[in-house]
Amino acid sequence: MISFILCLLLIVIGYFTYGKVVESTFAPDDRETPAVAINDGVDFVVMPQWKLFLIQLLNIAGLGPIFGAMQGALWGPVVFLWITFGTIFAGGVHDYFSGMLSERNRGASISEVTGTYLGPAMKNVMRIFSVILLIMVGTVFAVGPAGLLVKLLSEKGVSGALASTTVWLTIILAYYFIATFISIDKIIGKIYPVFGICLILMAVGVAVGLPMNGYHIPELFENFRSMHPAGTPVWSFMFITVACGAISGFHATQSPLMARCLKSEKQGRFVFYGAMASEGVIALVWAAAGCAIYEKTGGLSTGLQEILAGGQSAAIYDVCVKTMGPVGVILAMLGVVACPITSGDTAFRSARLTLSDWMKLDQTSWQNRLKLCIPVLGIGAFLGYGNTLGFLSYQVIWRYFSWSNQTLAMIVLWAGATYLAQERKNYWIGALPATFMSAVSSTYFVMAPECLGLIPFFKNNYEVAYPFGIVFAVAMLVIFMVKTRKYAHMDSTAVHHAHA
């Protein structure tokens with residue numbers, strides 16, 4: 001348990017130390033924020049800092065740090081290192097700059113922000129990439145809760161319409177439409193803080209319940225190896241699997257929602273970096289639960305693999321019951337149903353805002369919001385019903401989401417590093433994690449079975465994928481250094497003029 005506690009303390013200390021370094025490098029000031037300057041009563045609305053933090057936490061988290069962390073626990077306590085250092089040096093930096101650069105650009109969506117610093121070609125790529133990613137997220141966070149509700153009701157003997165996945169999917173999508181369409185403070189601003197508190201309580205309950213129920217969290221220094229039963233290598237599969245608990249590109253699509261609601265730039269570290277640090281703590285707790293509760297066979301995480309085979313929601317329910325008893329059942333119900341729904345609706349909302357920025361459609365007009373809500377939710381419904389009816393696989397959608405998620409994080413980090421280079425500030429706080437994530441994403445793409453691994457030659461071909469990932473990452477860093485060298489000798493006015 002010593003390793004777990006040390007990692008937990010490192011994340012907390014990282015927020016107060018490295019988080020302060022990141023904030024000081026960006027240098028927030030007293031300029032008027034978009035929430036104050038625009039304040040349209042729909043998407044630009046000033047909200048209290050505590051509420052912004054809880055909404056941001058729920059937006060970026062949902063069940064991501066739980067699902068991903070428990071899957072990551074298959075590799076054993078070594079996952080603690082990625083969650084800890086990924087949160088401090090990559091995820092926190094990514095989330096802070098995605099939020100603050102949006103704030104500095106009138107609350108622009110992440111596709112517009114990256115285009116501002118990486119050029120018009122990347123802007124168009126990111127527009128398409130972001131919308132596809134967001135619709136996939138919205139879809140998987142509609143199908144999952146619908147299926148779970150049916151399972152729970154069936155176990156209680158409920159039949160008929162309420163035991164139909166299609167019916168629950170329709171209800172969830174109808175809610176998504178309303179939450180996507182109306183003002184951010186009407187539903188999201190009122191109920192999200194409550195569910196954010198539930199997410200935190202679940203993690204606290206599990207963390208306290210583990211030792212109280214006699215579960216021993218294995219030590220990292222005694223198990224510094226891969227414990228994955230399938231022999232799946234740590235690099236780079238673990239870094240893709242544990243996304244939301246360390247770094248996630250999806251967060252960059254959510255941060256602009258809160259960037260449009262900040263009263264002051266100085267709230268940014270608590271709202272953006274703080275929410276990511278909190279998510280890292282939540283992921284660490286759930287990874288510890290996965291490592292501690294389930295049996296090992298031959299030093300491999302076979303017990304955890306068995307419970308996960310029954311579905312991630314079933315595994316979460318099992319952990320809650322074993323650590324918290326009857327109270328855990330209630331929290332598990334809220335967690336595995338409400339949390340993904342609250343990530344799904346903001347995913348569709350972000351898709352609407354990304355498209356509105358792209359098409360220059362004023363969102364104070366309800367007609368313009370309707371023009372975007374209908375096709376966005378329509379595509380989500382097609383994918384959702386496709387899974388329900390059996391002609392589209394939920395697992396396939398999720399696998400492609402995982403890789404595209406980390407690729408998006410890589411691009412956003414390069415955008416942040418470019419901004420810092422333009423401002424002649426310490427760009428290494430962005431460039432180093434961007435280089436690392438370039439290696440992670442490209443390595444996975446070459447050998448993963450849903451990417452180039454579809455071709456037998458590339459599938460799990462480490463001899464090709466590992467060198468390719470290193471070469472790609474170094475090439476990205478060299479390109480960055482060459483392109484940003486010119487900024488060193490320009491004054492700020494010349495930099496912005498050249499960039500424009």
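The values are calculated or read from the model by the stated rules, or taken from the named source; none is laboratory data. Remember, predicted model here, so these are calculated numbers, not experimental data. Don't worry about glycine lacking a Cβ; one is built from the backbone with ideal geometry, like all the others, and counts go over all protein chains shown. Areas reflect the complete protein model, heavy atoms only, side chains present, ligands, DNA and RNA absent. Shrake-Rupley method; radii C 1.70, N 1.55, O 1.52, S 1.80 Å.
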Selection status of Ala439, assigned to a helix (DSSP H, G or I) and open to solvent by less than 10 Å² (accessible area, probe 1.4 Å):
no
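A quick yes/no check of all residues on (1) closer than 20 Å to Ala314 by Cα; (2) surrounded by fewer than 24 Cβ atoms within 10 Å (Cβ to Cβ):
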position: Val78; (1), (2): no, yes
position: Thr84; (1), (2): no, no
position: Gly99; (1), (2): no, no
position: Gly115; (1), (2): no, yes
position: Met122; (1), (2): no, yes
position: Val125; (1), (2): no, yes
position: Val143; (1), (2): yes, no
position: Gly160; (1), (2): no, yes
Give the residues of region 300-322 that are within 26 Å of the chain's Cα centre (by Cα) and polar (S, T, N, Q), sorted by residue number.
Ser301, Gln305, Gln312, Ser313
I'd like to check which helices (runs of 4 or more DSSP H) are fully inside region 288-355 and have at least 1 residues that are open to solvent by 20 Å² or more (accessible area, probe 1.4 Å), over 18 Å from Pro229 (Cβ atoms) and at pLDDT 85 or above.
312-324
Would you check which residues across region 103-113 are among the aliphatic types (A, V, I, L, M) and open to solvent by less than 10 Å² (accessible area, probe 1.4 Å) and list them?
Ile110, Val113
Of (1) open to solvent by less than 10 Å² (accessible area, probe 1.4 Å); (2) modelled with pLDDT of 95 or more, Gly245 fails just (2)
Tally, over region 360-370, of residues that are part of a helix (DSSP H, G or I), at pLDDT 85 or above and either buried (at least 17 other Cβ atoms within 10 Å of the Cβ) or of a type in the set (A, V, I, L, M, F, W, C) (or both):
2
Val194 meets each of (1) touching a residue at least 60 places away in the same chain (Cβ under 8 Å); (2) of a type outside the set (Ser, Thr, Tyr); (3) not in a loop (DSSP other than H, G, I, E, B) with one exception, condition (1)
Which of (1) under 20 Å from the mean Cα position of the chain (by Cα); (2) modelled with pLDDT under 95; (3) open to solvent by 70 Å² or more (accessible area, probe 1.4 Å); (4) among the aromatic types (Phe, Trp, Tyr) does Phe401 not meet, given it meets every other one?
(3)
Exactly one of Phe272, Phe221 is hydrophobic (A, V, I, L, M, F, W, C), open to solvent by 10 Å² or more (accessible area, probe 1.4 Å), in a helix (DSSP H, G or I) and in contact with a Ser or Thr (Cβ under 8 Å, 6 or more places away or on another chain), and that one is Phe221
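What residue, of Gly214, Gly205, is open to solvent by 10 Å² or more (accessible area, probe 1.4 Å) and in contact (Cβ under 8 Å) with a residue 60 or more places away in the chain?
Gly205
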Need pairs with beta-carbon distance below 7 Å; first residue within 30 Å of Ser441 (Cα to Cα) and within region 473-500, second at pLDDT below 90; sequence gap 6+ or separate chains.
Tyr487/Val495
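Let's see how each residue does on (1) within 27 Å of Ile88 (Cα to Cα); (2) open to solvent by 10 Å² or more (accessible area, probe 1.4 Å); (3) outside any helix (DSSP H, G or I); (4) at pLDDT 95 or above:
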| residue | (1), (2), (3), (4) |
| --- | --- |
| Arg424 | yes, yes, yes, no |
| Ala434 | yes, no, no, yes |
| Pro456 | no, yes, yes, no |
| Val471 | yes, yes, no, yes |
| Val478 | yes, yes, no, yes |
| Val482 | no, yes, no, no |
| Tyr487 | no, yes, no, no |
Requiring at least 1 residues that are more than 26 Å from Gly430 (Cα to Cα), of a type in the set (Phe, Trp, Tyr) and touching a residue at least 40 places away in the same chain (Cβ under 8 Å), the helices (runs of 4 or more DSSP H) wholly within region 25-140 are 49-61, 64-72
Taking the condition of being of a type in the set (A, V, I, L, M, F, W, C) and more than 15 Å from Val42 (Cβ to Cβ), how many residues in region 356-373 meet it?
2
